[in-house]
1. Could you please find all residues in the range 30-40 being surrounded by fewer than 23 Cβ atoms within 10 Å (Cβ to Cβ) and of a type in the set (A, V, I, L, M, F, W, C)?
2. Across the range 41-65, what is the number of residues that are closer than 17 Å to residue 141 by Cα and surrounded by fewer than 23 Cβ atoms within 10 Å (Cβ to Cβ)?
3. Note down all Cβ pairs under 8 Å where the first residue falls in the range 120-147 and is under 11 Å from residue 45 (Cβ atoms), the second is among the aromatic types (Phe, Trp, Tyr) and in a strand (DSSP E or B), and they're at least six residues apart or on different chains.
4. Mind checking whether some residue in the range 99-118 is hydroxyl-bearing (Ser, Thr, Tyr) and at pLDDT 85 or above?
Amino acid sequence: MSNTDPQPGAAAFFRGVIAAPPSCERCPLRGQKVVPPEGNPHAKIAIVGEGPGEEEVHYGRPFIGRSGQLLDSLLRTVGLDRSELWITNSTMCRPKSARYLPMGDMYVDLGPDEAKRIAAKYCRYRLLTELSTVNPTTIVPLGGIAYEAVIGTAHSIQARRGAIAEVDLATRARSAWAELTRLHGHDPASVTT
């Protein structure tokens, strides 16, 4: 599979699931280009990364840079192929540089991880709705921000390594919608561009 040819059907499936994530236009860190998920929409395993890197943004595909090459190698080691999986990220864009982010009456200086964490909060409802639709039996978050986006609470990824957590995606999605409403101060679905 080349960097420019996503798996046929995955992008169309995703567009059918969520045409426009409801919180992008309100996210203070939204990037310029959305990188949609790809893979088998009936996958039993979903891989969730933290967010796209520069190469992923350039080609518009998840996990094709150095991390993607490592993922492909690890998948081959356990006898899996990308085409069998659903591959997504906790954020669909590479968040804008957030050196000074306006927050109310002040500006906040954010590091890259905190910027990703804030962007993931705005993208969480989209992620959980997407995962609910694909309905995999196993979700593998790669990194602390991805874990927090799926589970809903911050934990050290090292402390949770190898642990199995039961996740009710519908309940988590409702919780994420409530959080979006709180972040926006109103119903995010009512936002128009």
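1. Across the range 30-40, the qualifying residue is only 34.
2. Residues that pass the stated criteria total 4.
3. Every condition considered, the pairs that remain are 134/86; 136/86.
4. No - not one qualifying residue is present in the range 99-118.
The values are calculated or read from the model by the stated rules, or taken from the named source; none is laboratory data. All figures in this text were calculated on a predicted structure; none of them were measured in a lab. We place every Cβ from the backbone using ideal geometry, glycine too, and count neighbours over all the protein chains shown.
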